[in-house]
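The values are calculated or read from the model by the stated rules, or taken from the named source; none is laboratory data. Quantities reported herein were computed from a predicted structural model and do not represent experimental measurements. Positions of Cβ are backbone-derived with ideal geometry, glycine not excepted, and every protein chain shown enters the neighbour counts. Ligands, DNA and RNA are stripped out before the accessible areas are found, and what is left, the full protein with its side chains, is counted by its heavy atoms. Shrake-Rupley method; radii C 1.70, N 1.55, O 1.52, S 1.80 Å.
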Protein chains: 2
Amino acid sequence: MAQVQRMSRLMVKTLRDDPADAETLSHKLLVRAGYVRRNAAGIWTWLPLGKKVLENIARVVREEMDEIGGQEVLLPALLPKDAYEASGRWEEYGDLLFRLKDRKGGDYLLGPTHEEIFTQTVKDQCTSYKDLPVILYQIQIKYRDEARPRSGVLRGREFHMKDSYSFDTTDEGLAEAYALHRAAYQKIFTRLGFDYRIVSAVSGAMGGSASEEFLAPAAAGEDTFVDCPACDYAANTEAVTFSAEAVAAAYDIAEHGPVVELDTPDTPTIETLAAHLGVPASATLKNLLVKVDGEIVAVGVPGDREVDLGKLGEHLAPAVVELVTAEDFVGRPDLVRGYVGPQGLEKVRYIADPRVADGTAWITGANKPGKHAKNVVAGRDFDVDDYLDVVVVEEGDPCPQCGTGLKLDRAIEIGHIFQLGRKYTDTFQLDVLGQQGKPVRVTMGSYGIGVSRAVAALAEQSADDKGLCWPAEIAPADVHVVAAGKALQTELAVEVADKLGAAGLRVLVDERPGVSPGVKFTDAELIGVPKILVAGRRSAEGVVELKDRRTGEREELTVDEAIARLTA
Amino acid sequence: MAQVQRMSRLMVKTLRDDPADAETLSHKLLVRAGYVRRNAAGIWTWLPLGKKVLENIARVVREEMDEIGGQEVLLPALLPKDAYEASGRWEEYGDLLFRLKDRKGGDYLLGPTHEEIFTQTVKDQCTSYKDLPVILYQIQIKYRDEARPRSGVLRGREFHMKDSYSFDTTDEGLAEAYALHRAAYQKIFTRLGFDYRIVSAVSGAMGGSASEEFLAPAAAGEDTFVDCPACDYAANTEAVTFSAEAVAAAYDIAEHGPVVELDTPDTPTIETLAAHLGVPASATLKNLLVKVDGEIVAVGVPGDREVDLGKLGEHLAPAVVELVTAEDFVGRPDLVRGYVGPQGLEKVRYIADPRVADGTAWITGANKPGKHAKNVVAGRDFDVDDYLDVVVVEEGDPCPQCGTGLKLDRAIEIGHIFQLGRKYTDTFQLDVLGQQGKPVRVTMGSYGIGVSRAVAALAEQSADDKGLCWPAEIAPADVHVVAAGKALQTELAVEVADKLGAAGLRVLVDERPGVSPGVKFTDAELIGVPKILVAGRRSAEGVVELKDRRTGEREELTVDEAIARLTA
């Protein structure tokens, strides 16, 4: 876009109505304001205004990545299968991966992320500890065949990402690269104008040691996170953990009476048991049986809580967690389905939620059909082998840091930083010659920012009922000049626009002949440039109106005053 | 890359030997100097230095496209089949197209060029003559599954292109958009430092009215073009045409004797005929039979020349040209295989090369087995239905403009401009409301620059035996500072580099500890930054050496003089 772009020559068709298939605010507004155009599910064209915003975000990301010593490269998007087969991801990605064959029948994929290829690149380019550390980044188009691509450019199948990768010879080096990225991301998201939180994330099956997500709270978000209203704690719901010690401190084993067996026929579920006894579900202990790498394990949680199998899986990874089936009870008289209690489970590993801390007393199965027991006390009647926080987090759960009731909020993941460790460097045997003359296995971090997603996330956070409302640094222009009238106003608008352009501002000037001031105002508010300058009824006197798109504040100024204000 | 990039922190591994699979100079040098890395046949990674050059080229292209009012957009690379099926190119592209399916079984392709999608975009965004003209461009990664991807990034399967498209309501508008592009391309290729020619190109099956190619002469080029050493004529070999009138002017029908039949047994080929008669092949007339849309047509050319079937196909498009087979002679006693002459071909359309002009006399088939005829004169004994220039051009052929013997040269196609007309707007019924209130069919131009190819083409044209040698505007840095010595030289080199960086220059500084001055010099020449500044033996006096990479000229200067010289 030239420094001064005339609306009469800009390819933009604004719409008054929301597109029928749009669910989220950003999707509606980016289409209505002419920023993007849909080509297929999750596949979008960036029209002139959209391309400008996308490029502005990329520029900010690039500047801050350069600032921490990142070196920009560009890897292919079309990749041969071999590296992803070596890492196992050719299979693991399942339907999420776009796969294709070339004319010779060779297998290829469209890269969803590039850990494998960066590892190979560094193996090829770096041979000595002197060549490290290195931070490489690219701003690239990536591909994931999402099952339900939706929300416009928020979750596309073809999307723009900044991905970077750090390579170090020591864990301390990795920690430093991680810290550099964390600081750079804070600068980037602040410059982009985001309201965001950094939350700890479950490191997942990748086996990394530290991982945080950058979340932009927004109603359209697909992620849920917990947020403490009292302290600075925030986390991915799967990453919330608090300690059994903290809970145990509030209880005293000595205060409980002895175990009493209860006759509870036909009460194999918590609901039937609680109803039969007339107690709240929270007084009961639910024991879920699962198989961990084929071995039966019991998981105890308060009866009113659900086990988060995803969270359990993350805690136990790389072990595989499965639900038990009827066949697993064959030859196991110690496991009485529906009436399991931890006090009789001598041959079974017992994992419990921290809420089942020492000193807490429960109504639970008596390990006999139709029987339960009360006053079953943790630390007296049974021992917990491992405390793991595996329940689904609920609004009001205590903050692990300060105990205040947590809030649950929706957010868009805009960034992710991850101490990946040696998973990929092991796969590709990436060693460099160490200072002692021996090969050293390299350790790796991986860091992502959703660049096209950031366009939608910023639209979500900043839009109002009139339309888009961009933060200054990424807006498609600095000022939108509107000629609200005929020849006189148009002449003045173009003159002011040219002066602002000459002063280095990026200007959009609406000089469209035959378009009413009302339509121009509506379009200006929809398009969302931060400052709107109107050449209207006092144009003959050289007086214009300067309006702030966000606050709606407006004031009349002479042309010179307005230019001075905008270029200050 | 930061303004000042230290070599010790740059990911670059230079190689002393050419990669085994490299054929062209640019392929060898771009790999050896650490600009690119091969991932698969025709699929490349742009390493930090390469990314910089690629980006510099893209910036120049972008600036000049903006200058002619081009609006930058970005279309998807992953595209649903439908638009390409509508245009016929889903089939026409054959194996050149990467095709794939998504998780729902839908057919997709990786875009090789985007005429279809731009036409759809404009149909969606522009509804009135007031919305036109419009020039849209993108700098995008494109995909073509080349049969023999080779020559490094010169002909990749994943490659970067600037493609632009103009949309106008009138032919005059299209001509203007074409002229704007032509001028912009001249500026671009001049700024990039190219030696280039603009040649007329065959418009091809697309049916456009005007088309020119921008060719960069280079030994590694895959295109051959003709170049007149005397005048400004240059053309794609398939586009060379000269007129039969010009040839006829040199001949006089009246000077020839009557036709004489010759007994020429077993001479069905030109070689056997010329040997039998003891005449040069150029004295004979070769008549090739082909089928044009199923109808047999004869094509006459001098016996020493070859028919260029590609050229013939281009001339006759959209008709389909095929070679005849034995079956085509069934029931055609007028066609005597090996002994065809135009003087007896009353039922067959006769196309001839302009060299078979009126007044020229030939030895040709007598339309009887084993018989030929001499003194068969064009314009007397037979008539030519259409003169088409269909022979393979040869060195020394007369220039169609001035008659001088043409030169044949190899070149790399770096740009192509094309008045496409209404082929795609007809397919997609792209009309806008005209000034008279009636729909007007839009006319279209398409224009391309190979951005990644330009990196290789510039390398080809500018490299010397020491390595790469970039034109200033696209070099990865403005100056390469070499610390040729120990602590003192390194300190001075870094100090000068920082000063140059502060003055706005892009600086590469080689301060690698433990690397000899010889290795640093060799690397600097291989990497090819235009200016090399050496802090060497006179560093203590504050004297450095400034060397021009291309000319090798060097002079000793004080640090201040060197900085003043470089920042001038």
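For segment A:103-205, applying the loop criterion from DSSP together with a ceiling of 12 other beta carbons within 10 Å to the trypsin sites (Lys or Arg not before Pro) yields A:LYS104. Which parts of segment B:162-194 would a label at B:GLN401 reach, counting a residue when its backbone N lies under 13 Å from a point 7 Å out along Cα-to-Cβ? Counting only backbone N, you get no residues. Here's the picture: charge each Lys and Arg Cβ at +1 and each Asp and Glu Cβ at -1 in the protein assembly as shown, and of A:LEU505, A:ALA177, A:SER211 the one pushed furthest to the positive end of that dipole is A:LEU505. Here the Karplus curve 6.51 cos²θ - 1.76 cosθ + 1.60, taken at θ = phi - 60°, turns the phi angles of segment A:69-81 into couplings of x, x, 10, 7, 10, 9, 8, x, 8, 8, 10, x, 4 Hz, with x standing for Gly and Pro.
For peptide B:76-84, what's the mean number of Cβ atoms from other chains within 10 Å of each residue's Cβ? Walk me through the numbers before you get to the answer.
Numbers: counts 12, 7, 13, 4, 4, 1, 1, 1, 0.
What the average comes to for B:76-84 is 5.
Summarising the amide proton neighbourhood of B:SER211: residues at separation of 5 or more, or on other chains, whose placed amide H is nearer than 5 Å comprise B:ALA201, B:GLN419.
Each copy carries B:GLU23; placing its label point 7 Å along the C-beta direction from Cα gives inter-copy distances of 5.2 nm, listed from smallest up.
The solvent-accessible area of A:SER446, taken with every protein chain present and a 1.4 Å probe, is close to 20 Å². Around B:ARG550, with a cut-off of 11 angstrom between Cβ atoms, what is the net charge of the other residues, counting Lys and Arg +1 and Asp and Glu -1? Charge balance near B:ARG550 sits at 0.
In this assembly of identical copies, the label point of A:GLU85 (Cα plus 7 Å along Cα-to-Cβ) is separated from its counterparts by 3.2 nm, sorted shortest first.
For chain B, calculate the relative contact order in percent as a whole number, restricting contacts to Cα pairs under 8 Å that are 6 or more residues apart. It would help to have the intermediate numbers written out before the result.
Values: 1217 pairs, mean separation 101.7, N = 568.
After rounding, I find 18 percent.
Separation of segment B:385-451 and segment A:128-186 by C-alpha centroid, Å? With segment B:385-451 and segment A:128-186 each reduced to a Cα centre, they are spaced 44 Å. Dividing the mean sequence gap of close Cα pairs (under 8 Å, 6+ apart) by how many residues segment B:477-567 holds gives a relative contact order of 32 percent. The base-10 log of I(q)/I(0) for chain A, evaluated at q = 0.07 Å⁻¹, reads -0.57 [Debye formula, identical scatterers on Cα atoms, solvent excluded].
Annotation for B:ALA540 and A:ALA230: the two label points, set 7 Å from Cα along the Cα-Cβ direction, are 7.1 nm apart. Per-residue Karplus couplings for segment A:287-298, computed as 6.51 cos²θ - 1.76 cosθ + 1.60 with θ equal to phi - 60°, are listed in order as 10, 8, 9, 9, 9, 10, 6, x, 8, 6, 10, 9 Hz, Gly and Pro entered as x.
Which percent of the accessible heavy-atom area of segment B:434-568 goes to carbon and sulfur, probe 1.4 angstrom? Could the numbers behind the result be given before it?
Values: 2740 of 5410 Å².
Result for segment B:434-568: 51 percent of the exposed heavy-atom area is carbon or sulfur.
Charges on Cβ only, +1 for Lys and Arg, -1 for Asp and Glu, centred on the Cα centroid of the protein assembly as shown; of A:GLY94, B:TYR387, A:ILE563, which one is farthest towards the dipole's positive end? So the residue we want is A:ILE563. Which residues does the label zone of A:ARG441 cover in segment A:149-193, counting backbone N under 19 Å from a point 7 Å along Cα→Cβ? Answer for segment A:149-193: A:166-175. Farthest towards the positive end of the charge dipole of chain B, among the residues B:PRO265, B:ILE414, B:ALA472, is the Cα of B:ALA472, using unit charges on the Cβ of Lys, Arg, Asp and Glu. Taking each of B:LYS486/B:LYS520; A:LYS13/B:LYS130; A:LYS130/A:LYS162 in turn, the alpha-carbon distance tops 18 angstrom for A:LYS130/A:LYS162.
Given +1 on the Cβ of Lys and Arg, -1 on the Cβ of Asp and Glu, and no further charges, what dipole in debye does segment A:269-408 carry about its Cα centre, rounded to the nearest 20? Don't skip to the answer; put the middle values down first.
Working: 14 positive and 22 negative charges, 111 e Å.
That gives segment A:269-408 a dipole magnitude of about 540 debye.
For a Förster distance of 41 Å, can you work out the FRET efficiency between the beta-carbons of A:THR269 and A:GLU245, rounded to the nearest 0.05? Don't jump to the answer; show the numbers that get you there.
Values: r = 31 Å, r/R0 = 0.76.
Efficiency at R0 = 41 Å is approximately 0.85.
Per residue, chain A exposes 40 Å² of accessible surface when a 1.4 Å probe is rolled over the protein heavy atoms with every protein chain present.
Once you keep just the Cα pairs under 8 angstrom separated by 6 or more residues, what percentage relative contact order results for segment A:244-387?
Details: 278 pairs, mean separation 47.5, N = 144.
Rounded, it is 33 percent for segment A:244-387.
Residue-level result for chain B: its Cβ closest to the axis carrying B onto A, with that distance in Å, is B:LEU100, 2.
Solvent-accessible area of A:TYR387, all protein chains in place: 80 Å² (probe radius 1.4 Å, heavy atoms, ligands and nucleic acids excluded). Lacking any other cysteine beta-carbon closer than 4.7 Å, the following Cys residues of chain A have no compatible partner: A:CYS126, A:CYS469. Taken residue by residue and averaged, Cβ atoms of other chains lying within 10 Å of the Cβ of B:100-108 number 5.
Can you give the charge dipole size of the protein assembly as shown about its Cα centre, rounded to the nearest 20 debye, using +1 on the beta carbon of Lys and Arg and -1 on the beta carbon of Asp and Glu? Write out the running numbers ahead of the final one.
Numbers: 130 positive and 178 negative charges, 140 e Å.
My answer is approximately 680 debye.
If only the Cβ of Lys and Arg carry +1 and only the Cβ of Asp and Glu carry -1, the dipole of chain B around its Cα centre is close to 2360 debye. Residues of segment B:27-41 whose accessible area (probe 1.4 Å, heavy atoms of protein chains only) drops by at least 40 Å² once all protein chains are present, relative to their chain alone: B:ARG37, B:ASN39.
Solvent-accessible surface (1.4 Å probe) assigned to B:TRP44 amounts to roughly 20 Å².
Helix content alone sets the calculated 222 nm mean residue ellipticity of chain A: runs of n ≥ 4 DSSP H residues at -39500 (n - 2.57) each, divided across all residues, give -7500 deg cm²/dmol. When the GluC sites (Glu not before Pro) in segment B:376-414 are filtered for DSSP coil states and for at most 14 other beta-carbon atoms within 10 Å of their beta-carbon, the remaining sites are B:GLU394, B:GLU395.
Among the listed pairs B:LYS466/B:LYS531; A:LYS286/A:LYS371; A:LYS51/A:LYS499, give every one whose C-alpha distance is greater than 18 Å.
Values: B:LYS466/B:LYS531 14 Å; A:LYS286/A:LYS371 14 Å; A:LYS51/A:LYS499 25 Å.
Where the Cα-Cα span goes over 18 Å, the pairs concerned are A:LYS51/A:LYS499.
Chains A and B together bury some 5200 Å² of accessible area, summed over both sides, with a 1.4 Å probe. Between segment A:69-123 and segment B:276-308, the C-alpha centres lie 53 angstrom from each other. Computed 3J(HN,Hα) for segment A:468-473, one whole-Hz value per residue from the Karplus formula 6.51 cos²θ - 1.76 cosθ + 1.60 where θ = phi - 60°, is 6, 7, 6, x, 4, 5, glycine and proline marked x.
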